[in-house]
Amino acid sequence: MSRRLWFPVWVLAGAAVLAAPASSSWIDDLSPISNADWNVERAAHLLERGGFGGTPEDVARLAALTPQQAVDSLVEYARIDNSGAQPFEESGIWDPGMDPFPPSRADAVRQGRERGEALGVKALPEGSPRRLQPVVDKFFYGLRANSIETQRLGVWWANRMLTSKRPLEEKLTLFWHGHFATGDAKVRDYRMMLRQNAMLRQNAEGSLRALLVGILKDPAMLVYLDNGENVKAHPNENFGRELLELFTMGVGHYSEKDVREGARAFTGWTNDVLAFKFDQDQHDFGAKTFLDRTGPLDGTDIIDTILTQPATGEHVAAKLYRYFVRDDMSPAVKTELGRSFRASGYEVKPLLRRIFLSKDFYSQPSTATQIKSPVVLVISTYKKMGLRALPTIPDFGRLTGALGQTLFDPPNVAGWAGGRTWITPATLMQRGNLFRDVLFADAARFRAPDRLMPATYARVGDNLAKGMNITEATKEGTGDAESNAQVDRDEDYNTRYASYRGYLMAFERAKPIPRSAAELSLVAMASAAHAGTPEALVDYFARRFLSVPLPEKDRTAFVEFFRGKSVTSESALRELLYLVLSAPEYQLS
Amino acid sequence: MTCNCSRREFLARGLYGVSLGAGLPVFLSRTTAALTAQALQGTSMEKHPERILVVLELSGGNDGLNTVVPHGDPAYYRARPRIGIPAKEVLKVTDTFGFHPSMVGFERLYKDGRMGVVHGCGYDHPSLSHFSSMSYWHTGVPNAGEPLGWLGRVADDHLDAKSRNLIVNIGTSQSLAVRSAKHSPLVFNDPATFRRDGTDDQKKVLAQFGADAGAPASNATLDFLTATAKNAADSSDFVRQAASSYRTPVDYGIGGAFGGGLQRVAALIAAGMKTRLYYVSYPGNAFDTHVQQGDVHSRLLMYTADAVRAFLDDVARLGRADDVAVMMFTEFGRRVEENGSLGTDHGTAGPMFLFGKHDRIKGGFYGRPPSLTDLDDGNLKMTTDFRSVYATAIKEWLGYEDAATILKGRFDTLNAFA
């Protein structure tokens, strides 16, 4: 990348932000931009929103195409060979007998008492001390091992976001994960989460109908919204309500009666562990009246009825628009995108192509006005750094989790609220601090969360090593003695010991996340860019990483900070980059 | 703070309260005049501009029947033969009701007339999902997709959006309850980590982010970020300093995060923060007591009662008892009948609690106790819509007449505040 190419870009960027007479009349204009309007700055915007951003080289490649070709290079991702993408490598933690996994420890204990075995392990013979200990150990093993496996799954997906040749596929899968929000904290089965993730990716750009049928038969979602308890005699409205409120129409377009009738249609839609199961004994085959339709409707009929409603097209198209373009949407654009979405048979791809080509997408209020989600913030930074593999020191899940977003664990069924809600004064500071951990990764002090045992359980191990028996080893503290004694009073098992054992067993079986810091040479980057002075360096980093110009006073402060330092000192360059990435402007996409 | 001065004088003095000049960061002293002017402007319609509302959340679904125990009702003991609190142990405050034996703090508050208990709070078509139900309590609009929190909407309608830190949320993430269209709540958990990392040289550079906040740019999102950066840069020092320098003789107990959170609120009040709405959560779904709940519930309630009692005493010690009310809720009560694991499953209605100074709040019980035998699928039928209690806080305590607009529905208030 030569500096010559970047100079005009900088001018254009400034012009677009500050003046842009053409671009302000583009607001709400859905007609396509012309070849003449295509430039590096707009290509960068497309890559930011339609993917996770990229290096100057990535942007230049898009800029060299026509807008149609550039948009197609993202949208027509099915044509891109992605065979290099590695599937998730399961550790194999799920043993025979662990399905169906008991909903609680108490339930595991009850099974153990009644049957003499549970979770595939036998209780000890009658009269043995703590005869149910193996069962309870296994229960906690299941919880801990699954939690580690879900962390591994998050790292796997993050790496895929970073390295996929189909960035839009991953960005869309992330959108649907937030739309059809499902969390492993409740599901407690990474296998279900993995299958849901594959289903969402498979249909990400296809029809909304396929996604709806897929998600409403998806074991993770069925568990998450308690549809196993949606039975003829006691319909559970959780599922039917979220379908209408969150997944399709939005509030205000249906009645409470529609919720109840819809719930009846989904009775008996349940799962046999990893497979959808239609339980006809629990299904209500009676007549229902849902919206404008009456008959012995089943779940698929409900979906098809919902898809006849204009509200559905508008609600989902508007959510896609807000995710890819901007928060404020004019009623006219909403109506038009909803109409064309519905008219196309709810195909996502043409909708996105239209949005990405529209003048509105490149208009001023659509540009550099989004706040990056934590996942996008971290992945796009790695992209812009030019990394080829996900750094795992610091831990990806911890970084984004501290900012309010953990993959496979959205806060509730409504997904991540996004936008300004990502930002609190404390998270804004953390959003900068985390890059210090990336740029100055400290492998010696790093403690891997997938191998971390909470202190209370680690103490059990220490106590046992000192020669204490289990009862002594699991006693906690002094002030809490009485409440902690409860778990020891049960002669059938010791809960704290089981929890400790569960961690040990999980650490043995669940593969560790391989740990490595970012492979990055800012010296090489600066040298390739011929950035030899403090001014040139600051400008280069700002161009490469920011979507808006740095305020003059910040630029001056950064230049002064670097003055006297060497452009061949990797640590000095990293100190400078940390400042750039901490700027409030860096939150903008 | 007792203040016989005019509202205007009160604001000018009360903005930073007693500690102005004492240990206040320089940048705050410098901008006092400007901020005071702002506060005066933003509160021109305020009836009680000095009043503070502290909302406490018990997450996980607190077992209301073992908290406020209906010791006079045989149906309670029939439904809970193993986990019911024996009548002789209950801290009785009426012939029919009393507190869990570990809640010595609540017994004291009740007897002092500093506490109101509202029976049977819930809403129509209750959700038994933690997430859904909690989001309904957070938004104050059950069974709808309301995007903003009820406290956020209170602030949007009544508090000056240009003034910072009017909402403080102690926690690792922002609660939906305080999500606001106009305000950026100050959210922090550990004040010690509420800072920019870096070398001294870097911190100097980082500290000036947002210094030009307020100069409107063409980019509203950037304006918001710059304002938040300024808020963070200004508030983090203040908060860290206030929290680290705060010393109190009052014993908050050993409740960890919850007591610690309330103590941080007291520290900010002592430091003269102009915050009007505080939100503290008992975190981690702690009250979800499905199994073997006896000891763990007892401990949770003890921590809770200790912390609330201590906070009210501490606020009184600071001379601000007149100005502070506390409301406490959980997302649902639990099933009337105990389950097979010496615990309780998700239920519906439960008690809510209001606290304040004895001559500000009218202590006692409110609402009708729900029947323990006339049930809805094993669950209590709610007798008071929880938004009546919200409306009480909004109208009677904060003095905002438009509670119906904020809550998107008209709810009777309880006549609980003098």
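Which condition number does A:L274 fail, the rest of (1) closer than 25 Å to A:P103 by Cα; (2) crowded, with 18+ Cβ neighbours inside 10 Å being met?
So A:L274 meets the others, but not (2).
What about A:S73, is it within 30 Å of A:G142 (Cα to Cα) and open to solvent by 20 Å² or more (accessible area, probe 1.4 Å)?
Numbers: within 30 Å of A:G142 (Cα to Cα): no; open to solvent by 20 Å² or more (accessible area, probe 1.4 Å): yes.
It is false that A:S73 is within 30 Å of A:G142 (Cα to Cα) and open to solvent by 20 Å² or more (accessible area, probe 1.4 Å).
Out of the range A:385-428, which residues are open to solvent by 20 Å² or more (accessible area, probe 1.4 Å), assigned to a loop (DSSP other than H, G, I, E, B) and either within 14 Å of chain B (Cβ to nearest Cβ) or of a type in the set (D, E) (or both)?
Residues satisfying the conditions are A:G404, A:T406, A:D409, A:P411, A:N412, A:A414, A:W416, A:A417.
Could you grab me the full set of residues in the range B:262-303 that are under 16 Å from B:S59 (Cβ atoms) and either more than 14 Å from every other protein chain (Cβ to nearest Cβ) or aliphatic (A, V, I, L, M) (or both)? Lay out the reasoning, then the answer.
Restricting attention to the range B:262-303, the residues satisfying the condition of being under 16 Å from B:S59 (Cβ atoms) are B:262, B:279-290, B:293, B:296-297, B:299-301, B:303.
Within the range B:262-303, B:L262, B:V280, B:Y282, B:A286, B:F287, B:V296, B:L300, B:L301 meet the criteria.
Are any residues in the range A:452-466 open to solvent by 70 Å² or more (accessible area, probe 1.4 Å) and closer than 20 Å to A:D137 by Cβ, and if so, which ones? Even if it seems obvious, please write down each step before you answer.
First, pick out the residues of the range A:452-466 that are open to solvent by 70 Å² or more (accessible area, probe 1.4 Å): A:459, A:462, A:465-466.
Hits for the range A:452-466 are A:R459, A:D462, A:A465.
Looking at (1) under 27 Å from A:N227 (Cα atoms); (2) open to solvent by 10 Å² or more (accessible area, probe 1.4 Å); (3) outside any strand (DSSP E or B), can you tell me which one A:Y323 breaks?
Tallying (1) under 27 Å from A:N227 (Cα atoms); (2) open to solvent by 10 Å² or more (accessible area, probe 1.4 Å); (3) outside any strand (DSSP E or B), A:Y323 fails exactly one: (1).
How do the pairs read when you match residues in the range B:168-182 that are of a type in the set (K, R) and modelled with pLDDT of 85 or more with residues anywhere that are in a loop (DSSP other than H, G, I, E, B) and open to solvent by 10 Å² or more (accessible area, probe 1.4 Å), using Cβ under 6 Å and keeping only pairs 6 or more apart or on different chains?
From the range B:168-182, the pairs are B:R179/B:L148; B:K182/B:A161.
With the range A:484-577 as the region, which helices (runs of 4 or more DSSP H) entirely inside it contain at least 3 residues that are open to solvent by 40 Å² or more (accessible area, probe 1.4 Å) and under 23 Å from B:A211 (Cβ atoms)? Break it down stepwise before answering.
Numbers: elements: A:495-509, A:522-528, A:534-545, A:552-562.
Those helices (runs of 4 or more DSSP H) span A:552-562.
Any idea how many residues of the range B:299-319 are open to solvent by less than 30 Å² (accessible area, probe 1.4 Å) and not acidic (D, E)? Give the derivation first.
Here is the first cut: in the range B:299-319, the ones open to solvent by less than 30 Å² (accessible area, probe 1.4 Å) are B:300-301, B:303-305, B:307-308, B:310-312, B:314-315.
Filter once more, so that each one left must be not acidic (D, E): B:300-301, B:303-305, B:307-308, B:310-312, B:315.
Going through the range B:299-319 one residue at a time, the tally reaches 11.
Tell me which residues, restricted to the range A:208-250, are outside any helix (DSSP H, G or I), closer than 19 Å to A:P411 by Cβ and open to solvent by 20 Å² or more (accessible area, probe 1.4 Å).
As a first pass, look at the range A:208-250 and keep what is outside any helix (DSSP H, G or I): A:217-218, A:225-226, A:230-236, A:249-250.
Okay, now just the ones that are also closer than 19 Å to A:P411 by Cβ, so A:225-226.
Scanning the range A:208-250 gives a single hit, A:D226.
Exactly one of (1) within 30 Å of A:L588 (Cα to Cα); (2) within 14 Å of chain A (Cβ to nearest Cβ); (3) not in a loop (DSSP other than H, G, I, E, B) is unmet by B:A243. Its number?
(1)
Condition first: more than 9 Å from chain A (Cβ to nearest Cβ) and not basic (K, R). Now tell me which residues in the range B:191-212 satisfy that. Even if it seems obvious, please write down each step before you answer.
Taking the range B:191-212 and keeping what is more than 9 Å from chain A (Cβ to nearest Cβ), we get B:191-192, B:200, B:203, B:207.
Passing the criteria: B:P191, B:A192, B:D200, B:A207.
Does the range A:240-249 contain at least one residue that is away from chain B (no Cβ under 14 Å), over 21 Å from the mean Cα position of the chain (by Cα) and more than 27 Å from B:G60 (Cβ to Cβ)? So that I can check it myself, show each step before the final result.
Going through the range A:240-249, the residues away from chain B (no Cβ under 14 Å) turn out to be none.
No, the range A:240-249 contains no residue that is away from chain B (no Cβ under 14 Å), over 21 Å from the mean Cα position of the chain (by Cα) and more than 27 Å from B:G60 (Cβ to Cβ).
Pick out the one residue from B:L380, B:L354 that is open to solvent by less than 30 Å² (accessible area, probe 1.4 Å) and touching a Pro at 6+ places or on another chain (Cβ under 7 Å).
Working: B:L354 fails: touching a Pro at 6+ places or on another chain (Cβ under 7 Å).
After applying the criteria, what remains is B:L380.
Residues to consider are A:K334, A:K349; find the one that is assigned to a helix (DSSP H, G or I), within 28 Å of A:S255 (Cβ to Cβ) and either open to solvent by 10 Å² or more (accessible area, probe 1.4 Å) or in contact (Cβ under 8 Å) with a residue 24 or more places away in the chain (or both). Please lay out each step first, then the result.
Details: A:K349 fails: within 28 Å of A:S255 (Cβ to Cβ).
None of the others qualify; the one that does is A:K334.
Before we move on, is B:D234 under 30 Å from A:A368 (Cβ atoms) and either more than 14 Å from chain A (Cβ to nearest Cβ) or open to solvent by 20 Å² or more (accessible area, probe 1.4 Å) (or both)? Please lay out each step first, then the result.
On the way: under 30 Å from A:A368 (Cβ atoms): yes; either more than 14 Å from chain A (Cβ to nearest Cβ) or open to solvent by 20 Å² or more (accessible area, probe 1.4 Å) (or both): yes.
Answer is yes for this residue.
Taking helices (runs of 4 or more DSSP H) that fall entirely within the range B:16-129, which contain at least 1 residues that are at pLDDT 95 or above? Reasoning before the result, please.
Values: elements: B:26-30, B:32-42, B:74-79, B:104-111.
Counting at least 1 such residues, we get B:74-79, B:104-111.
Tell me which residues, restricted to the range B:307-361, are among the β-branched types (V, I, T) and under 30 Å from A:Q111 (Cβ atoms). Give the steps one after another, and end with the answer.
First pass over the range B:307-361, keeping only residues among the β-branched types (V, I, T): B:308, B:315, B:324, B:326, B:330, B:336, B:344, B:348, B:361.
Correct list: B:V336, B:T344, B:T348.
Which ones in the range B:150-178 are more than 10 Å from chain A (Cβ to nearest Cβ) and in a loop (DSSP other than H, G, I, E, B)?
Matches in the range B:150-178: B:L159, B:D160, B:A161, B:K162, B:S163, B:L166, B:S175.
Going by the conditions given, is A:M329 free of Cβ contacts under 8 Å to residues at least 12 places away in the same chain and within 27 Å of the chain's Cα centre (by Cα)?
Numbers: free of Cβ contacts under 8 Å to residues at least 12 places away in the same chain: yes; within 27 Å of the chain's Cα centre (by Cα): yes.
Yes: the conditions hold for A:M329.
Would you check which residues across the range A:49-71 are in a helix (DSSP H, G or I) and polar (S, T, N, Q) and list them?
The first filter runs over the range A:49-71 and keeps only residues in a helix (DSSP H, G or I), leaving A:49-50, A:56-63, A:67-71.
Correct list: A:Q68, A:Q69.
Pick from the range A:195-207 the residues that are part of a helix (DSSP H, G or I) and touching a helix residue (DSSP H, G or I) at 6+ places or on another chain (Cβ under 6 Å): which of them is farthest from A:S340 (Cα to Cα)?
So in the range A:195-207, the residues part of a helix (DSSP H, G or I) come out as A:195-203.
Still in the list and also touching a helix residue (DSSP H, G or I) at 6+ places or on another chain (Cβ under 6 Å): A:196, A:199-201, A:203.
Values: A:Q196: 28, A:M199: 25, A:L200: 22, A:R201: 23, A:N203: 19 Å.
Selected residue: A:Q196.
The values are calculated or read from the model by the stated rules, or taken from the named source; none is laboratory data. Since we're looking at a predicted model, the values are computed, not measured. Heads up, the Cβs are rebuilt from the backbone with ideal geometry, glycines too, and the neighbour counts pull from every protein chain shown. Calculation scope for accessible area: heavy atoms of the full protein, side chains included, ligands and nucleic acids excluded. Shrake-Rupley method; radii C 1.70, N 1.55, O 1.52, S 1.80 Å.
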